[in-house]
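Here is the structure we will look at.
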Amino acid sequence: MKTMAIRDIKKYPDPVLREKTARVERIDAALERLIDDMVETMHDAPGVGLAANQVGVPLQVAVIDLSSRDDEEQRHPLLVIINPEVLQMGGSVTEEEGCLSIPDYAEKVTRAARVKVRAQDRTGKVFELEADGLMAKALQHEIDHLNGVLFVDRLSALKRGLFKRRHRKVLSEKA
Ligand SMILES: [Zn+2]
């Protein structure tokens, strides 16, 4: 029987979110387990994407699930990306974004409108994917995570300053 578990999602400013993750060299039982847990953790949150360092494992693995989107054009089966790299980017779009590691915060971010990504699936097979819309946004957001980059790093200096002030306030209220 497959056992899955919901893992703890690391929250900003946990230093693991700033780590540049390591390449996956071997797909073994521990990695299979990690992927299953990440999918369950993402669904439980709920969210549409999760990177391995968000659950404290600094490896190049992320999951994206757009399978329950109402709009058919944006819908995509559950995607597992291992060792992803962006091959091409095009256009520009500014849309609201949030992150499971930064709860209760959303802000507009400018990103490429289209991306072409090469990655390995959970069996290790290399594939390429061209995406626009929500999938393009999710791919860029998750690949950023794997490089230790958060969406708040992509805000304008003014908005980033407001975010940091707001965040310090939240932290001091919790203390
Ligand atoms: Zn995120």
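The values are calculated or read from the model by the stated rules, or taken from the named source; none is laboratory data. The model shown is predicted, which means the values in this text are computed figures rather than measured ones. Cβ coordinates were reconstructed from backbone atoms using ideal geometry, including for glycine residues, and neighbour counts include every protein chain displayed. We work out accessible area using only protein heavy atoms, side chains counted, and drop any ligands, DNA or RNA first. Shrake-Rupley method; radii C 1.70, N 1.55, O 1.52, S 1.80 Å.
Over the chain, DSSP H runs of length four or greater, each weighted -39,500 (n - 2.57), average out per residue to a 222 nm ellipticity of -9000 deg cm²/dmol. Report note on the peptides 45-57, 121-133: ranked by the mean count of other C-beta atoms within 10 Å, highest first, their order is 45-57, 121-133. When each full DSSP H helix of the chain is screened for a Cα extent of at least 15 Å along its own axis and an average Kyte-Doolittle hydropathy of at least -0.5, the helices passing are 29-44, 133-146. Annotation: for a label point projected 7 angstrom from Cα along Cα→Cβ of THR94, residues of segment 134-164 with backbone N closer than 15 Å are 154-160. Net charge dipole, the chain: roughly 880 debye, given to the nearest 20, about the Cα centre with Cβ charges of +1 for Lys and Arg and -1 for Asp and Glu.
Projecting the Cα positions of LEU155, ILE82, MET135 onto the charge dipole of segment 37-165 (unit charges on Cβ atoms of Lys, Arg, Asp and Glu, taken about the Cα centre) puts LEU155 furthest along the positive direction.
Oblate is the label for the chain, because a/c, from the alpha-carbon gyration tensor with a ≥ b ≥ c as root eigenvalues, is 1.5 or above and a/b does not exceed b/c. Highest mean packing comes first when the peptides 34-43, 18-27 are listed by Cβ atoms within 10 Å, giving 34-43, 18-27.
Pairs exceeding a 22 Å alpha-carbon distance, out of LYS20/LYS159; LYS11/LYS169; LYS10/LYS169; LYS11/LYS108: LYS20/LYS159.
Look at where the Cα atoms of segment 58-78 and of segment 19-43 average out, and the two centres are 16 Å apart. What part of the accessible area of the chain, given as a whole %, is carbon or sulfur when the probe is 1.4 angstrom? Ligands and nucleic acids excluded, carbon and sulfur give 49 percent.
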